[in-house]
1. Can we say Asn127 is modelled with pLDDT under 95, surrounded by fewer than 21 Cβ atoms within 10 Å (Cβ to Cβ) and farther than 30 Å from Pro353 by Cα?
2. For the stretch 257-319, list the strands (runs of 3 or more DSSP E) that sit wholly inside it and hold at least 1 residues that are more than 15 Å from ligand 2 (Cβ to nearest atom) and within 30 Å of Thr174 (Cα to Cα); which are they?
3. Looking only at the stretch 168-177, decide whether some residue is within 12 Å of ligand 1 (Cβ to nearest atom), open to solvent by less than 10 Å² (accessible area, probe 1.4 Å) and not hydrophobic (A, V, I, L, M, F, W, C).
4. Quick one: Glu32 ticks every box in (1) charged (D, E, K, R); (2) near ligand 1 (Cβ under 10 Å from one of its atoms); (3) out of contact with any strand residue (DSSP E or B) (no Cβ under 7 Å at 6 or more places or on another chain) except a single one, so which number is it?
5. Looking at the stretch 362-381, is at least one residue touching a Cys at 6+ places or on another chain (Cβ under 6 Å) and not aliphatic (A, V, I, L, M)?
6. When the stretch 19-29 is examined, which residues are found to be open to solvent by 30 Å² or more (accessible area, probe 1.4 Å) and away from ligand 1 (no atom under 15 Å from the Cβ)?
7. State the number of residues belonging to the stretch 148-167 that are open to solvent by less than 40 Å² (accessible area, probe 1.4 Å) and either part of a loop (DSSP other than H, G, I, E, B) or in contact with a Gly (Cβ under 6 Å, 6 or more places away or on another chain) (or both).
8. Any idea which of (1) within 30 Å of Leu293 (Cβ to Cβ); (2) open to solvent by 40 Å² or more (accessible area, probe 1.4 Å) is the one Gly114 doesn't satisfy?
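The values are calculated or read from the model by the stated rules, or taken from the named source; none is laboratory data. No experiment lies behind these values; they were computed from the predicted model shown. Positions of Cβ are generated from backbone atoms using ideal geometry, with glycine treated the same way; all protein chains shown enter the neighbour counts. When the accessible area is computed, the model is the full protein with side chains, heavy atoms only, and any ligands, DNA or RNA have been set aside. Shrake-Rupley method; radii C 1.70, N 1.55, O 1.52, S 1.80 Å.
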Amino acid sequence: MSYDLCIIGGGPGGYVCAIRAAQLGLKVALIERYPSLGGTCTNVGCIPSKALLDSSEHYHNAAKNFKQHGIGVEGLSLDFGQMRKRKDQVVGITATGIAKLMEKNGITVIHGHGRLDGPGRVTVKTNEGESTLEAKEIVLATGSKPTNLPFAPCDKQRIITSTEALSLPEAPKTLLVIGAGVIGLELGSVYARLGTKVTVVEALDRCLPTMDGELGVELERSLKKLGFRFHLGAKVSELVNRGEDVLLKAVDAKGRELELEAEYCLVAIGRRPYTEGLGLESVGLQTGPRGFLQVDAELRTSAKGLWAIGDVIGGAMLAHKAEEEGVAVAERIAGHKPHLNYGTIPGVVYTWPEVAAVGASEEELKERGREIRVGRFPFVALGRARAAGDKEGFVKVIVDAASDEILGVHMIGPRCADMIAEAVTAMEYHASAEDLASMCHAHPTFSEAIKEAALAATGDRALHL
Ligand code: FAD
Ligand code: NAD
């Protein structure tokens, strides 16, 4: 068969690219090696983790927070099997929905392992055998896999990745987490809320080291209240599955030797691009540093008619970044001039409090020697936060000292995952703090913290501080 476009990988990068290309009139084939569409995000990433985060938050609130609202809960119990089952249902419905979208858009979906077979050709290996299709353009959207510790590869029994952590048979009594990044803190939160003693070992000196420094410090404080223990600046030297549990040895920031035991150890130290068996050599393509596929500013590889998007090319390993790239490539192939602004891709951590950011961090800007002003506003000073009883965290708006243009917005607190959209809009339109501060925000809402932080950034004008 012959297609205008063949996409290898049915994750958020690949399937969204397929939809946009079909909307633009292209004849599209989508190759996915697993029976279910949606990739890491839908099956073992964003969706199942958020389902468990929401369920565990309900449980935690009922156990710890309802009382202050005058609500007594007697006989509260945890049915972890049901929690997991619900998560699986949410995943199933989402993946089925994606399959329906493919059907609706007339996209040919082939379930099998795709490999490049020379320019313009893709061979797909299915249970029935191999078949080859031809395509004018090919997009590689093969995503990523968890990184292993070189001395202790995940055995999926006791030394586990996020995939196993999303489907444990029971909430364990103890859990070790290596890596205080997004996965470690989100999945650690799920289990800490269910009563698991969670201990995090992180190589660097703070949580969420890729985000603005103040966010990690504040989140560490909140998670400690939830019962997390942290060993920051620690170097793991040994990790052994002892059958019934794991033993981790490390040297902490002060040079002391640590020996930690737990039922499981979640290794969450980042993800690596997935290009295994992709036939790159057949088109003369090699992977770049750390195994990522290299692309130009328009997401073209160096091989003619071959594009790459999403986790496999690196950058922010986020579903919405992969989606934006998928849309951009489809539009470029169809002859359009798409808009893709890497400077306004938000990052969100779905812990409680939630963490969200867009634009540059204070550390990055100082390193670049930018003259900046910073406005902060704490949620505790907000009526809405007090009414809800969710008072932790703050919003921080960073602006250029001379022009007042917003360069970064960083927030930790209630509903920040959704509120960051306002900051994205503002930055997309090159708004100044004055612009944001002069917009009316409904009262009482959490979003007033953004206005107040913007007022603070324009020059100490916050009204409720
Ligand atoms: P993927 O989603 O990895 O999809 C690639 C697809 O390609 C897979 O389905 C794979 O089976 C298929 N494939 C690979 N090779 C072949 C081949 N040769 N032939 C056929 N098929 C192939 N991001 C967020 O933005 N928000 C979140 O809340 C979030 N939560 C996450 C939670 C966890 C636990 C994890 C692990 C990740 C999370 N992410 C989140 C990251 C997000 O899942 C990824 O950034 C996103 O899925 C990347 O999309 P992609 O399309 O590039 O790759
Ligand atoms: P990450 O990069 O967020 O965090 C990895 C952490 O592990 C870092 O803090 C790093 O310093 C630490 N680390 C690395 N090697 C170590 C070692 N040997 N010992 C101790 N600590 C070590 O990676 P992740 O949490 O594995 O997540 C992978 C990707 O998935 C991320 O890029 C993230 O964007 C994406 N993701 C996103 C979301 C979300 O958007 N909410 C949720 C989950 C995952």
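1. Yes; evaluated as a whole, the condition is true for this residue.
2. 257-262, 264-267
3. no
4. Checking Glu32 against (1) charged (D, E, K, R); (2) near ligand 1 (Cβ under 10 Å from one of its atoms); (3) out of contact with any strand residue (DSSP E or B) (no Cβ under 7 Å at 6 or more places or on another chain), the one that fails is (3).
5. no
6. If the condition is that a residue be open to solvent by 30 Å² or more (accessible area, probe 1.4 Å) and away from ligand 1 (no atom under 15 Å from the Cβ), then Gln23, Leu24, Gly25, Leu26, Lys27 are the ones that fit.
7. Matching residues across the stretch 148-167 total 3.
8. So the condition that Gly114 fails would be (2).
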